[in-house]
1. How large is the helix-only mean residue ellipticity at 222 nm for the chain, computed as the sum of -39500 (n - 2.57) over DSSP H runs with n ≥ 4, divided by its residue count, in deg cm²/dmol to the nearest 500?
2. Within 10 Å, count the other beta carbons around each residue, average over each peptide in 204-211, 167-174, 266-273, and list them highest first.
3. Compute the long axis of helix 77-98 from its Cα atoms, compare it with the longest principal axis of the Cα atoms of the chain, and write down the angle in degrees, 0 to 90, nearest 10.
4. Ignoring ligands, DNA and RNA, please state the percent of accessible area on the stretch 159-229 from carbon and sulfur, probe 1.4 Å.
5. How high is the relative contact order of the stretch 194-332, in percent, counting Cα pairs under 8 Å that sit 6 or more residues apart?
6. Report ³J(HN,Hα) in whole Hz for each residue of the stretch 166-182, in order, from the Karplus equation J = 6.51 cos²θ - 1.76 cosθ + 1.60 where θ = phi - 60°; Gly and Pro get x.
7. Quote the relative contact order of the chain in percent (integer), defining contacts as alpha-carbon pairs under 8 Å separated by 6+ residues.
8. Here is the link list: 127/149; 127/335; 149/335; 149/345. Which ones come out longer than 31 Å on Cα distance?
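The values are calculated or read from the model by the stated rules, or taken from the named source; none is laboratory data. Remember, it's a predicted structure, so these values are computed and weren't measured experimentally. Every residue, glycine as well, gets a Cβ built from its backbone with ideal geometry; the counts of neighbours run over all protein chains shown. Accessible surface areas use protein heavy atoms only, side chains included; no ligands, DNA or RNA. Shrake-Rupley method; radii C 1.70, N 1.55, O 1.52, S 1.80 Å.
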Amino acid sequence: MRLSEYAVGRDNNFTLLRFAAAMTVLFAHSVAVLGLPPDSEFFYERVGFSLGEMGLDMLFVTSGFLVTASLVVRQDLIAYLWARILRVYPGMWVMLVLTVFVLAPALTSLPRGAYYTSPLTWEYFRKCATLIGGVRYSLPGVFDNVPLKGEFNGSLWTMPVEVRMYLYLAAIYVALAVVPALRLKAMRIVLPLSAAVLIAIVLSQRLTGGAYNGANIRVFMFLYGSSLFVWREKIPLGPWLLVGILAALVLASFDKTIFFVVYAACLAPLVLHLVYVPGGRIRAFNDWGDYSYGVYIYAFPVQQTLAFLFPAMTLAAMMASSAFVSVAIAIVSWKLIEERALARKSDFAEATSRVLNLGLAKIGWARRLKQTYASYVPPHEPSPSPEIKS
């Protein structure tokens, strides 16, 4: 079967897989916030990067696939943008208010007045609230005496990358509007080509032992997911292919360099196999709610707070306690903020379309009025002679 035959409707494991990916990031960060060496994580020691990085890549693959589907299937840029805005910002803003103005003041070593009036506090809030031009990671006087010193919410570094990808995808879609009939064909070239360029850069840096920009691999995974969607009619999917992908990853794990190459090629197909192939009772998770975003944006400050309050906490205790608290907060965030915001996306899109249509109508009305006035000749006045120049 082809991916296009699976990718129909909402009966899939996207919600479960994204939740699992967010939890792997949480578990990986448990190692960092306790100041433990990265190689204390089995996955890192075996293949050279952490399980948390794999969780991030899974999130970007699913995001690329779903966001591209949202734009291509709807073919409505306004609806697409509102869906993206309402998925990211309401939950983010509430989280920032709670953590910057409730949690952090209770933990800072500064006097409350000094904390609230510090330019660093307001710069952190402004940058993280807009996600434009990157984010800030430290708040004044907060978490200065924990192993991961000064890091308040390190997970947020990926959010500007995610938002930029939404905008780049919209820009590609608009740029190709001059030839609507060829738009999808052009996207089938532009998206895979962009992904190929990025992975070539990452592999050249990785294979030569140089440092590489972690954002590049995330952008590659987003574009890989996007490419798989626009080529879904040609992509095979099935249980035996899933077994083959898993076998390739296991065999490659004996060499870190080979594993990274195989991993980069296989992760996105693996993710989509896990999304669509397993069925049955596992699909019931969709009815619970989408808690992945809440876990992702709240887990880091929760873990830093636990490390601050309980310096002797073990890794197992950190994983269990931070998971419990973060999931509980994520459930509340989904039920009270995120789900309600997303339910309004059609209303906001329709209202925006009406405003734009009204504005365009007014522009058209003004243009017609101007043309009418320009051609109007008052009665009893002769028309100007062609020879007369003003």
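1. Details: 17 runs with 265 residues, N = 390.
Helices in the chain give a 222 nm mean residue ellipticity of -22500 deg cm²/dmol.
2. Working: 204-211: 10.9, 167-174: 15.2, 266-273: 22.8.
The densest-packed peptide leads the list: 266-273, 167-174, 204-211.
3. For 77-98 against the chain, the angle is about 50 degrees.
4. Carbon plus sulfur share of accessible area: 72 percent.
5. Details: 80 pairs, mean separation 25.7, N = 139.
Once normalised by length, the contact order is 19 percent.
6. In residue order, the calculated couplings are 4, 6, 4, 5, 5, 5, 4, 4, 5, 4, 8, 5, 5, 10, x, 5, 9 Hz.
7. On the way: 441 pairs, mean separation 112.7, N = 390.
Computed value for the chain: 29 percent relative contact order.
8. Values: 127/149 20 Å; 127/335 26 Å; 149/335 33 Å; 149/345 39 Å.
Long pairs (Cα-Cα over 31 Å): 149/335; 149/345.
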